[in-house]
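These notes are about the structure you will find just below.
The values are calculated or read from the model by the stated rules, or taken from the named source; none is laboratory data. These numbers were taken from a predicted model, which means no experiment stands behind them. Counting neighbours? That spans all protein chains shown, and the Cβs are built from the backbone with ideal geometry, glycine included. Each accessible area value is taken on the protein alone, full model and side chains, heavy atoms only, with ligands, DNA and RNA left out. Shrake-Rupley method; radii C 1.70, N 1.55, O 1.52, S 1.80 Å.
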Amino acid sequence: MTHSQESDETLASTTELPVTENAPVESTTAATPAPAPAAVRAPSPSPAAFAARPKAPAAPAVSAPVPAPATPAVNLAEAAKFGRAEEDGHVFLLLDGEEFPVGQYPGATQDEALSYFVRKFDDILAQVVLLEQRVEAKAPTTDMTKTVTHLREQLGERTSVGDVNAALARLVTLEENIKALAAQERSAHDSARAVELAAREAIVAEAETISAEDPATIQWKISSARMNELFEQWKTAQKSGMRLGRATEEGLWKRFRSARTIFDRHRRAYFSQLDSTNATAKSTKESLIAAAEELATSTDWGFAAGEYRRLMDQWKSSPRASRKDDDALWARFRGAQDKFFAARQSANNALDEEFGANLVVKEALITEAQALLPIKDLNAAKKALQSIRDRWEEAGKVPRNDMARVEAGLRKVEEAVRSAEDDNWRRSDPEAKARTSSALSQLEATIAGLKDDLAAAQKAGDARKVAKATEALAARELWLEQIQKAAADFS
């Protein structure tokens, strides 16, 4: 034996250890393989080393008796294509024309030892099948690549017997399918992330829009409620929505927080100013109420009524307090007004009752005055009207509601007498009468001259002069008729 052969044999014998005393006995079902026998993987020795290697005795390899295994449920004819077993339980993998030691199953037959390591390969293959099913079912690919790597490492360890190349080819196909599935997941994730990002952007954008509104015109109750709703939506999205990445979420949160901060600052400033305005309005209206309450007991009806009108104008021009305060203030102001006007109405009602008898007298005087119409004797009518006026003044006041009616009744008769008097004066005016007589004389002379002109034109046969004289004569005769009527009025 050469030195190199001796070294190889020593290496092989030290690296291929026998199984321990707990080496499993294979069941006939082969559903779940027993734990693998202890074996240490070593570099593949040369065929010469295997040929020269002395057979290791079986007894020292087992510290306890190994029960006889059940009949293996393995297709040994198929298994023989990919491995072989020796009598001492050493098993070898046949791969690409080479043999690789996979371990030893001492105290068992060659078929049993081979079956054990075939079942180990079947375990790996079962994991491959399971992974293929997961890919087919489009399960999450989170750990699939790691599983492929682990299975490839297991096959590379050469600790099982089977069609390793076929299994590796299936792993290659699995890797491609997993990549495709991962790409689909990324696409779906990107789409879902885009939707989630748009939803978050919408929340932030609406919050920024609300915070940018004019504090003087914003509807604070509605906007505050909406801002709270947006905050709840944000918290829900943070809690159960898709993660957008720390940088993106922090950027959106800073914008959202800034919008809420601005909105809250505007709201506090607005209501602080509103409180100040309300205080000023309350103070102004309290002073108006004090003045109104002071007038409420006044019996100077005309003056007090005018003051109430002035106070009402000031009230309308004053700033409004809060709705609750303004309503209460108005109730007090209106109460003072109502008290005054109720007292005035009560006084007027008493006067109206007192003046009822006067109304009867004045209505009789109106009837007497109306009997003077139409005016036939001006002097007699004036004398009778003066008597009626004297008795009218003596009758006194009438109820307020009837005052305008009775005054209008007497005024109608007075206007008729005044009109008759004016007409009589116009007709008896000496100056007017003299002017009318002079105009009449001048017009009569003009008409006589026009008649002479017309006769001369007719005699001369001058049609143009005839037409002109005829037109002028007709106009003067119409004026003469009107002046004669006016002169008749003076007669």
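Regarding the stretch 178-196, can at least one residue be identified that is of a type in the set (A, V, I, L, M, F, W, C), out of contact with any Gly (no Cβ under 7 Å at 6 or more places or on another chain) and under 30 Å from L76 (Cα atoms)?
So the first thing to find is which residues in the stretch 178-196 are of a type in the set (A, V, I, L, M, F, W, C), and the list is 178, 180-183, 188, 192, 194-195.
With the extra rule that they be out of contact with any Gly (no Cβ under 7 Å at 6 or more places or on another chain), the set shrinks to 178, 180-183, 188, 192, 194-195.
From what's left, under 30 Å from L76 (Cα atoms): none.
No, the conditions are met nowhere in the stretch 178-196.
Do we find a residue being charged (D, E, K, R), farther than 21 Å from N165 by Cβ and in contact (Cβ under 8 Å) with a residue 40 or more places away in the chain anywhere in the stretch 77-95?
Scanning the stretch 77-95 turns up no residue that is charged (D, E, K, R), farther than 21 Å from N165 by Cβ and in contact (Cβ under 8 Å) with a residue 40 or more places away in the chain.
Mind checking which pairs have a first residue in the stretch 326-344 that is within 14 Å of Y308 (Cβ to Cβ) and a second that is among the hydroxyl-bearing types (S, T, Y), Cβ under 7 Å, 6 or more apart or different chains?
Q337/Y308; F340/S298; F340/Y308
Say whether the condition of being within 28 Å of T209 (Cα to Cα) and of a type in the set (G, A, S) is met by at least one residue in the stretch 246-257.
There is at least one residue in the stretch 246-257 that is within 28 Å of T209 (Cα to Cα) and of a type in the set (G, A, S).
Restricting to the stretch 368-386, and then to whatever is of a type outside the set (A, V, I, L, M) and outside any helix (DSSP H, G or I), can you tell me which residue is most open to solvent (accessible area, probe 1.4 Å)?
In this case the residue turns out to be K376.
Taking E132 as the residue in question, decide whether it is surrounded by fewer than 17 Cβ atoms within 10 Å (Cβ to Cβ), modelled with pLDDT of 90 or more and not hydroxyl-bearing (S, T, Y).
Against the criterion (surrounded by fewer than 17 Cβ atoms within 10 Å (Cβ to Cβ), modelled with pLDDT of 90 or more and not hydroxyl-bearing (S, T, Y)), E132 qualifies.
Going through the stretch 154-175 one residue at a time, which ones are among the charged types (D, E, K, R) and either in contact with a Pro (Cβ under 6 Å, 6 or more places away or on another chain) or farther than 16 Å from F117 by Cα (or both)?
R170, E175
Any chance the stretch 310-332 includes a residue that's of a type in the set (S, T, N, Q), surrounded by 12 or more Cβ atoms within 10 Å (Cβ to Cβ), touching a helix residue (DSSP H, G or I) at 6+ places or on another chain (Cβ under 6 Å) and not in a helix (DSSP H, G or I)?
Yes: one or more hits.
Only residues that are open to solvent by 70 Å² or more (accessible area, probe 1.4 Å) and either touching a residue at least 40 places away in the same chain (Cβ under 8 Å) or over 14 Å from K382 (Cα atoms) (or both): list them for the stretch 408-420, please.
Correct list: K412 only.
Tell me which residues, restricted to the stretch 390-402, are at pLDDT below 85 and either touching a strand residue (DSSP E or B) at 6+ places or on another chain (Cβ under 8 Å) or not in a loop (DSSP other than H, G, I, E, B) (or both).
Listed by number, the residues that qualify are A395, R400, N401, D402.
Okay, residues lined up against (1) among the aliphatic types (A, V, I, L, M); (2) in contact with a helix residue (DSSP H, G or I) (Cβ under 7 Å, 6 or more places away or on another chain):
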site	(1), (2)
N177	no, yes
A205	yes, no
N228	no, no
L252	yes, yes
F256	no, yes
I262	yes, yes
R268	no, no
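Is it true that I210 is assigned to a helix (DSSP H, G or I) and touching a Ser or Thr at 6+ places or on another chain (Cβ under 6 Å)?
Yes; evaluated as a whole, the condition is true for this residue.
Search the stretch 345-388 for residues being basic (K, R) and touching a residue at least 24 places away in the same chain (Cβ under 8 Å), and hand back the single one that is nearest to G302 (Cα to Cα).
The extreme case among them is K362.
Kindly indicate which of K383, K324 is closer than 30 Å to K282 by Cβ and of a type in the set (K, R).
Of K383, K324, the one residue that is closer than 30 Å to K282 by Cβ and of a type in the set (K, R) is K324.
Report yes if R344 is open to solvent by 80 Å² or more (accessible area, probe 1.4 Å), basic (K, R) and over 24 Å from A416 (Cα atoms), otherwise no. Let's see the steps before the verdict.
Values: open to solvent by 80 Å² or more (accessible area, probe 1.4 Å): no; basic (K, R): yes; over 24 Å from A416 (Cα atoms): yes.
Here the answer is no, as R344 does not meet what is asked.
Name the pairs whose Cβ atoms lie under 8 Å apart, with the first residue in the stretch 231-258 and touching a residue at least 12 places away in the same chain (Cβ under 8 Å) and farther than 20 Å from A192 by Cβ, the second outside any loop (DSSP other than H, G, I, E, B) and among the β-branched types (V, I, T), and 6 or more positions between them or separate chains?
R255/V204; F256/I203; F256/V204
Which of the residues belonging to the stretch 435-455 are open to solvent by 60 Å² or more (accessible area, probe 1.4 Å) and not polar (S, T, N, Q)?
Residues satisfying the conditions are R435, E444, A445, K451, D452, D453.
Can you find a residue that is of a type in the set (S, T, N, Q), modelled with pLDDT of 85 or more, more than 26 Å from Q273 (Cα to Cα) and open to solvent by 40 Å² or more (accessible area, probe 1.4 Å) anywhere in the stretch 213-228?
no
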